[in-house]
Amino acid sequence: LMFLENQLLFTVGSIVLITVVVIVGAQLVFGTVVNERKQQTLPFVMSLPITYMQYSAAKLIANLGIFLVAWLAIYTVVVAMIASRDGLANGLIPFSTIVLLELFIAFALTLAVAIVSESETWSVVVMSVGNVSVSIFIISMASIPAIGSHIHSPSAVWNSTAITIVAIEVALVLAIVCVSLFLQSRKHDFL
């Protein structure tokens, strides 16, 4: 849909793309973390000769790695589509990068909350807030003059504002991982 030369179809395709990223993230979190408590597989896993920190690190690394592969595939297609379609300005590349990284942050936060809280309710709340905030985030980023004014530029403009936002987003993902591991290290009861 995004490759077709129609603004409405491009918008629909963008919404579908964001929805796919959200669904992949939700499936990973609920399939590999939240359901362990519900299906009573966590007690079995914890009976194996691993520490809870090893379990937590493995969950984070595996889920972030799987999501990263899917995210990179989607990101690559988005950048290739923007670069190859004459009707789209390459100025969308930094903006798309920033928006897709926000989705990565929402996934990392949902994953961390699921691992630390082991609560389906909290995981759903955090996932919902993170995904609803995408619209607000998109509008906020587009309203920043150093970002929004270059969206229709014929070339990708990686100015200091765009680079700073990307760096902050990457740092947030790393901080979320570190904080979740720290919180897991403080737990005394795992079952």
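The values are calculated or read from the model by the stated rules, or taken from the named source; none is laboratory data. Predicted model only: the values in this text are computed from it and were never measured. Note: ideal-geometry Cβ built from the backbone for every residue, glycine included; neighbour counts use all protein chains shown. The area values use the complete protein model at the heavy-atom level, side chains included, leaving out ligands, DNA and RNA. Shrake-Rupley method; radii C 1.70, N 1.55, O 1.52, S 1.80 Å.
Listed by first and then second residue, the pairs linking a residue in the stretch 172-183 that is small (Gly, Ala, Ser) to a residue that is part of a helix (DSSP H, G or I), with Cβ atoms under 7 Å apart and 6 or more places separating them unless they lie on different chains, are SER180/LEU60; SER180/ALA112; SER180/ILE115; SER180/VAL116.
With SER56, SER47 as the choices, which residue is polar (S, T, N, Q) and surrounded by 14 or more Cβ atoms within 10 Å (Cβ to Cβ)?
Numbers: SER47 fails: surrounded by 14 or more Cβ atoms within 10 Å (Cβ to Cβ).
From the options SER56, SER47, the qualifying one is SER56.
Within the stretch 104-123, track down each residue that is not charged (D, E, K, R) and not in a helix (DSSP H, G or I). Spell out the reasoning first.
First, pick out the residues of the stretch 104-123 that are not charged (D, E, K, R): 104-117, 119, 121-123.
Result: SER119, single match.
Comparison of ALA171, ALA162 shows that the only residue that is part of a helix (DSSP H, G or I), small (Gly, Ala, Ser), within 30 Å of GLN54 (Cα to Cα) and at pLDDT 95 or above is ALA171. Could you tell me whether the stretch 147-161 includes any residue that is within 21 Å of the chain's Cα centre (by Cα) and loosely packed, with under 13 Cβ neighbours inside 10 Å? No: the stretch 147-161 contains no residue that is within 21 Å of the chain's Cα centre (by Cα) and loosely packed, with under 13 Cβ neighbours inside 10 Å. A Cβ distance below 8 Å, combined with a sequence gap of six or more or placement on separate chains, defines the contacts here; from the stretch 14-36, residues that are free of Cβ contacts under 8 Å to residues at least 40 places away in the same chain reach residues that are outside any helix (DSSP H, G or I) and among the hydrophobic types (A, V, I, L, M, F, W, C) in the pairs SER14/MET2; VAL16/LEU1. Would you confirm whether or not the stretch 85-105 contains a residue that is crowded, with 18+ Cβ neighbours inside 10 Å and within 26 Å of LYS38 (Cα to Cα)? Yes, that holds for at least one residue.
Test of understanding: among VAL126, VAL132, which residue is over 15 Å from PHE30 (Cβ atoms), under 15 Å from the mean Cα position of the chain (by Cα) and outside any loop (DSSP other than H, G, I, E, B)? Break it down into steps so the answer makes sense when it comes.
On the way: VAL126 fails: over 15 Å from PHE30 (Cβ atoms).
Result of the check over VAL126, VAL132: VAL132.
This table checks each residue for (1) over 25 Å from VAL126 (Cα atoms); (2) under 12 Å from the mean Cα position of the chain (by Cα); (3) part of a helix (DSSP H, G or I).
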| position | (1), (2), (3) |
| --- | --- |
| LEU28 | no, yes, yes |
| GLY31 | no, no, yes |
| PRO49 | yes, no, no |
| ASN63 | no, yes, yes |
| ILE66 | no, yes, yes |
| THR76 | yes, no, yes |
| ALA83 | yes, no, yes |
| GLY87 | yes, no, no |
| LEU100 | no, yes, yes |
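Taking first residues from the stretch 116-138 that are closer than 20 Å to ARG186 by Cβ and aliphatic (A, V, I, L, M) and partners that are modelled with pLDDT under 90 and open to solvent by 50 Å² or more (accessible area, probe 1.4 Å), no Cβ contact under 7 Å between residues at least 6 apart in sequence or on separate chains turns up.
Only a single criterion out of (1) exposed (fewer than 12 other Cβ atoms within 10 Å of the Cβ); (2) in contact (Cβ under 8 Å) with a residue 24 or more places away in the chain is not satisfied by ILE165, namely (1).
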